[in-house]
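Engineer: Quick one: the structure is below, and I'll ask about it shortly.
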Amino acid sequence: MKKILVIGSGGRVGSALVSKLAESDYTVLAGSRHENNSSPSENISFIAFDLLWDVDRMVEAMTGNIDAVYFVAGSKGKNLLQIDLHGAVKTMQAAEKAGVNRFVLLSSVFALEPIHWNESFLKDITDYNIAKHYADLYLTSQTNLNYTILQPGALKEESGTGKISVDVKEPLSNSIANVVDTLVAILQDDSTIGKVITMHDGETLIKEALKQVK
């Protein structure tokens, strides 16, 4: 059974991701600044993980043969430099030092393509896009991690359909459930390693859509 660390487990995506991974028989370490000792599943353990820690303190939290790290944390615009950017980068550095090879980063649609940042809702979150841009860039160019970056559009509290579009051309919305299911499917599909995947809700089953990523 693989052991997975989810950083940002207290958020909307993170909490749902922890539950979905546990349901899929992964051993899940739910990392959050606010430690929670009551677990709803024997597959879930809550651990303290603060993105303001230095790298060595993060490495200590990653001991114990962790197979993969998900970074799905965010500051909701309150501390973009220290959390969304530097917190993500330190987590990548810690993962490498701890010997964790697989790293899945939740980003934002077109974060690596500034030419799109004036489109739709993206024009209102430029600072967020900048933070995500440099976190994504660091992961792709400055680490040797087996990474996948998932870049969805706006997140909606809607029922999941299990169907998405990838390699998208415009920044449309996504149900959180579809994003979470896609994050889980990424871990189960080695063909996603080394890829940046843009997505929104669509008409293709998630596992099939991931096979189509260019």
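The values are calculated or read from the model by the stated rules, or taken from the named source; none is laboratory data. Values in this document were obtained by computation on a predicted structure and should not be read as measured data. Every residue, glycine among them, receives a Cβ derived from its backbone with ideal geometry; neighbour counts consider all protein chains shown.
Engineer: Looking at the range 89-102 only, could you name the residues that are out of contact with any Asp or Glu (no Cβ under 9 Å at 6 or more places or on another chain) and not polar (S, T, N, Q)?
Structural biologist: Filtering the range 89-102 down to residues out of contact with any Asp or Glu (no Cβ under 9 Å at 6 or more places or on another chain) leaves 89, 91-93, 95-96, 99.
89, 92, 95, 96, 99, listed by residue number.
Engineer: Would you point out which residue out of 186, 193 is closer than 21 Å to residue 103 by Cα and surrounded by 22 or more Cβ atoms within 10 Å (Cβ to Cβ)? Break it down into steps so the answer makes sense when it comes.
Structural biologist: Details: 193 fails: surrounded by 22 or more Cβ atoms within 10 Å (Cβ to Cβ).
None of the others qualify; the one that does is 186.
Engineer: Follow-up. Looking only at the range 196-214, count how many residues are touching a Ser or Thr at 6+ places or on another chain (Cβ under 8 Å) and buried (at least 17 other Cβ atoms within 10 Å of the Cβ).
Structural biologist: Selection size over the range 196-214: 10.
Engineer: Please specify each residue of the range 26-58 satisfying the condition of being of a type in the set (D, E, K, R) and modelled with pLDDT under 95.
Structural biologist: Within the range 26-58, the first condition is being of a type in the set (D, E, K, R), and the residues that meet it are 33, 35, 42, 50, 54, 56-57.
Correct list: 33, 35, 42.
Engineer: Could you identify the single residue in 88, 135, 94 that is more than 14 Å from the chain's Cα centre (by Cα) and within 25 Å of residue 31 (Cα to Cα)? Walk me through it before giving the result.
Structural biologist: On the way: 88 fails: more than 14 Å from the chain's Cα centre (by Cα); 135 fails: more than 14 Å from the chain's Cα centre (by Cα).
Only one candidate passes the filter, namely 94.
Engineer: Quick check: is even one residue across the range 35-54 surrounded by 15 or more Cβ atoms within 10 Å (Cβ to Cβ) and in contact (Cβ under 8 Å) with a residue 60 or more places away in the chain?
Structural biologist: No, every residue in the range 35-54 fails to be surrounded by 15 or more Cβ atoms within 10 Å (Cβ to Cβ) and in contact (Cβ under 8 Å) with a residue 60 or more places away in the chain.
Engineer: Okay, moving on. Look at residue 73 and say whether it is within 30 Å of residue 200 (Cβ to Cβ), small (Gly, Ala, Ser), assigned to a loop (DSSP other than H, G, I, E, B) and in contact with a His (Cβ under 8 Å, 6 or more places away or on another chain).
Structural biologist: So residue 73 fails the test.
Engineer: Please enumerate the residues belonging to the range 121-170 that are farther than 23 Å from residue 213 by Cα and β-branched (Val, Ile, Thr).
Structural biologist: 125, 126, 130
Engineer: Within the range 114-146, restricting attention to residues that are within 23 Å of residue 173 (Cα to Cα) and small (Gly, Ala, Ser), which residue is surrounded by the fewest Cβ atoms within 10 Å (Cβ to Cβ)?
Structural biologist: If we take residues in the range 114-146 being within 23 Å of residue 173 (Cα to Cα) and small (Gly, Ala, Ser), then 120 is surrounded by the fewest Cβ atoms within 10 Å (Cβ to Cβ).
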